[in-house]
1. When only C-alpha pairs under 8 Å and at least 6 residues apart count, what is the relative contact order of the range 38-99, in percent?
2. How much mean residue ellipticity at 222 nm does the chain get from its helices, if each DSSP H run of length 4 or more adds -39500 (n - 2.57) and you divide by all residues, to the nearest 500 deg cm²/dmol?
3. Measure out, as a whole number of angstrom, how far apart the alpha-carbon centroids of the range 55-121 and the range 1-52 sit.
4. Choose one answer from Glu76, Glu29, Glu97: the residue with the largest mean-square fluctuation in a GNM of the chain with alpha-carbon springs under 10 Å.
5. Return P(r) of the range 1-45 (all Cα-Cα pairs; 10 Å bins starting at 0; whole %; ordered from short to long distances).
6. Please report, as a whole percent, how much of the solvent-accessible surface of the chain comes from carbon and sulfur atoms (probe radius 1.4 Å).
7. How much accessible surface does Val75 have with a 1.4 Å probe, in Å² rounded to 10?
8. Return the inverse of the average 1/r over all pairs of distinct C-alpha atoms in the chain, which is the Kirkwood hydrodynamic radius, in Å to one decimal.
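The values are calculated or read from the model by the stated rules, or taken from the named source; none is laboratory data. Computed from a predicted model, the values in this text were never measured in an experiment. For the accessible areas, the whole protein counts, side chains as well, though only heavy atoms, and no ligand, DNA or RNA atoms are used. Shrake-Rupley method; radii C 1.70, N 1.55, O 1.52, S 1.80 Å.
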Amino acid sequence: MPIVAVGTDIASVSRLRGVYERHPKRFLERHFTPEEIAYCLAKADPMLSLAARFAAKEAFQKCWPENHGWREVWVEMKGPRPALNFAPRIAERMQREGWRAHVSLAHEHEHATAVVVLEAL
C-alpha cells in the first residue's frame, strides 16, 4: 500500500499551557472536540494529552491537500491506540480517494509530537 503523504509536528507543552491559562475555555473550544476535552481533562496533566492532539491535527494538515478546521480532525482512543477521525467532508474525500490515516503520538514534560501517515489502500 503506497504512502501518499507523511506529516509530523512537535508542540511546546509550556507554550500551549500558557495559552490555556490565559484563555482556557476559548482554547479548548476552538481546538478540540468535546470528547477530546473530556478525555484529556480526566488526565493528571491534561496539557500533555492536549498538546499531543494539537500536534496530531497539525501533522494531518501537512498531509492534507487543503485547509481544514481544528475540530474537523480529532483523536480518539481505540483501546490503547490513538486513531484519527474526521468531519464528514474529510471522511468523504478519504473514502473517495481510497486513503487511510495512521497516527502516532508521544509526549514528555516539555514537548508532544505526532506523526501522521496517509496511505492509499
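1. Relative contact order of the range 38-99: 18 percent.
2. On the way: 5 runs with 54 residues, N = 121.
Mean residue ellipticity, 222 nm, calculated: -13500 deg cm²/dmol.
3. If you average the Cα positions of each part, the centres end up 13 Å apart.
4. Glu97
5. Result, from short to long distances: 21, 45, 20, 13, 1 percent.
6. Working: 3690 of 6760 Å².
Answer for the chain is 55 percent, counting heavy atoms of protein chains only.
7. 10
8. On the way: mean 1/r = 0.0689 Å⁻¹.
Result for the chain, one decimal place: 14.5 Å.
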